[in-house]
Amino acid sequence: MWPLSFISEENFLRHVEATIQQYGDKLEPFDLKKFNKNLIDPVKLIFDKTVYGFSWEEIVKNEIFRQRDKSNNNDIGYFHQRIFQYIADCDVPASGWDVVVTNENGIDVSGGDTVNRVFVEMKNKHNTMNSAASGKSYIRLQSQLLADDDCACFLVEVIAKQSQNVAWTISVDSRQKKHRRIRRVSIDKFYSLVTGQQDAFYQVCMALPGVIEKAVSSTATSVIPDDRVIGELHELAHARNGSFALALYMLGFSSYDGFGSTAC
């Protein structure tokens, strides 16, 4: 039996499949050309391999994962934002606010302070904004509040320092600003507010692994990339009668003095 009452199993699966599709070309196999597109640092890889006790295969796989992971945050942001299109009273606009919550019966944003609308800007981590970006976001939320006296504005953080729903205090132009309807909210508290279930985000997290497995297993072809980097590095080392280390060095230093003719 599907355990989540605020989103159907069909919609949850559809959303997970759409999130996987967002990975796009990051799921394409890596060959040596793609692996070295932005020029790797061979010296760092060799230090890491030796210090951490990795094999050549492990260090190469770790570097491939690092390169893919650099651009995956936006895809996970898609998951966290757009899941709310399937939850009652929530809208995910094509542009502008990340989520808008509307309920004519009222939304209790904090201890009896009730509004009909909540406008949300969503961030993945609490530390992704510097002071300038924080100030810009706060002013945006403040402007919406000035234009609509029956709303609240939330900065919702997926990875917050702690579970919270508090007035956002910020320094703008060296002055402390705070308003009870401009709030900093961890995602668990936001789920609780829109679903009426205190542990709704926990329920999502518990259901997620199984749904991802189902989404991946139901695809016509495997989404697991068949990377060719290690094999191509072995071929490069063999062609130059050298070591795997030399093959790595050649990725970054092929035009440097000595590397054009020396094996190691």
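The values are calculated or read from the model by the stated rules, or taken from the named source; none is laboratory data. Bear in mind that the values here come from a model prediction, so they are computed numbers and not experimental data. No Cβ is skipped: glycine too gets one built from the backbone with ideal geometry, and neighbour counts run over all protein chains shown. Surface accessibility is based on the protein's heavy atoms, side chains included, excluding ligands, DNA and RNA. Shrake-Rupley method; radii C 1.70, N 1.55, O 1.52, S 1.80 Å.
Could you check, for segment 61-70, whether at least one of its residues is in contact (Cβ under 8 Å) with a residue 24 or more places away in the chain and in contact with a Leu (Cβ under 7 Å, 6 or more places away or on another chain)? Taking every residue of segment 61-70 in turn, at least one turns out to be in contact (Cβ under 8 Å) with a residue 24 or more places away in the chain and in contact with a Leu (Cβ under 7 Å, 6 or more places away or on another chain). Gln21 meets each of the listed conditions (1) modelled with pLDDT under 90; (2) over 22 Å from Ser217 (Cα atoms) apart from (2).
Filter segment 186-207 down to the residues that are hydroxyl-bearing (Ser, Thr, Tyr) and open to solvent by 50 Å² or more (accessible area, probe 1.4 Å) and list them by number. Spell out how you get there, then give the answer.
If we filter segment 186-207 for residues that are hydroxyl-bearing (Ser, Thr, Tyr), which is where we start, we get 186, 191-192, 195, 202.
Residue satisfying the conditions is Tyr202 alone.
Only one of the listed residues (Ser174, Ser254) is farther than 30 Å from Leu27 by Cβ and without any contact (Cβ under 8 Å) to a residue 60 or more places away in the chain. That residue is Ser174.
Would you point out the residue of segment 142-162, among those that are acidic (Asp, Glu) and more than 21 Å from Asn130 (Cα to Cα), that is surrounded by the fewest Cβ atoms within 10 Å (Cβ to Cβ)? Walk me through it before giving the result.
Of the residues in segment 142-162, the ones acidic (Asp, Glu) are 148-150, 157.
Pick out the ones that are also more than 21 Å from Asn130 (Cα to Cα) and you get 148-150.
On the way: Asp148: 14, Asp149: 8, Asp150: 10.
Per the criteria, the residue is Asp149.
Is it the case that Phe30 is modelled with pLDDT of 90 or more, assigned to a loop (DSSP other than H, G, I, E, B), over 30 Å from Thr195 (Cβ atoms) and more than 19 Å from the chain's Cα centre (by Cα)?
On the way: modelled with pLDDT of 90 or more: yes; assigned to a loop (DSSP other than H, G, I, E, B): yes; over 30 Å from Thr195 (Cβ atoms): yes; more than 19 Å from the chain's Cα centre (by Cα): yes.
Taking the combined requirement at face value, the residue satisfies it.
In a residue-by-residue description of segment 84-107, the property of being part of a helix (DSSP H, G or I) and buried (at least 16 other Cβ atoms within 10 Å of the Cβ) applies to at least one position.
The set of residues from segment 44-60 being without any contact (Cβ under 8 Å) to a residue 12 or more places away in the chain and open to solvent by 50 Å² or more (accessible area, probe 1.4 Å) comprises Lys44, Phe47, Thr50, Val51, Tyr52, Gly53, Phe54, Glu58.
Residues in segment 217-235 that are open to solvent by less than 50 Å² (accessible area, probe 1.4 Å) and touching a residue at least 40 places away in the same chain (Cβ under 8 Å): how many? Selection size over segment 217-235: 5. Before we move on, is Tyr138 among the hydroxyl-bearing types (Ser, Thr, Tyr), buried (at least 17 other Cβ atoms within 10 Å of the Cβ) and within 26 Å of Asn11 (Cβ to Cβ)? No; evaluated as a whole, the condition is false for this residue.
Looking across segment 81-139, the residues that are charged (D, E, K, R), touching a residue at least 40 places away in the same chain (Cβ under 8 Å) and within 21 Å of Ser5 (Cβ to Cβ) come down to Arg82, Asp89, Asp108. Residues in segment 163-182 that are surrounded by fewer than 12 Cβ atoms within 10 Å (Cβ to Cβ) and either at pLDDT 95 or above or not polar (S, T, N, Q) (or both): Asp173, Arg175, Lys178. Per the conditions (1) loosely packed, with under 14 Cβ neighbours inside 10 Å; (2) in contact with a Ser or Thr (Cβ under 9 Å, 6 or more places away or on another chain); (3) closer than 21 Å to Asp226 by Cα, the sole criterion not satisfied by Ser5 is (3). Residue-level check: of (1) surrounded by 11 or more Cβ atoms within 10 Å (Cβ to Cβ); (2) outside any helix (DSSP H, G or I); (3) touching a residue at least 40 places away in the same chain (Cβ under 8 Å); (4) among the hydrophobic types (A, V, I, L, M, F, W, C), Leu39 misses just (1). What single numbered condition from (1) of a type in the set (A, V, I, L, M, F, W, C); (2) out of contact with any strand residue (DSSP E or B) (no Cβ under 7 Å at 6 or more places or on another chain); (3) under 19 Å from His80 (Cβ atoms) fails to hold for Ile187? Every condition holds for Ile187 apart from (2). Please determine whether any residue of segment 121-142 is in contact with a Gly (Cβ under 7 Å, 6 or more places away or on another chain), under 19 Å from Gly96 (Cβ atoms) and at pLDDT below 90. Yes, some residue in segment 121-142 is in contact with a Gly (Cβ under 7 Å, 6 or more places away or on another chain), under 19 Å from Gly96 (Cβ atoms) and at pLDDT below 90.
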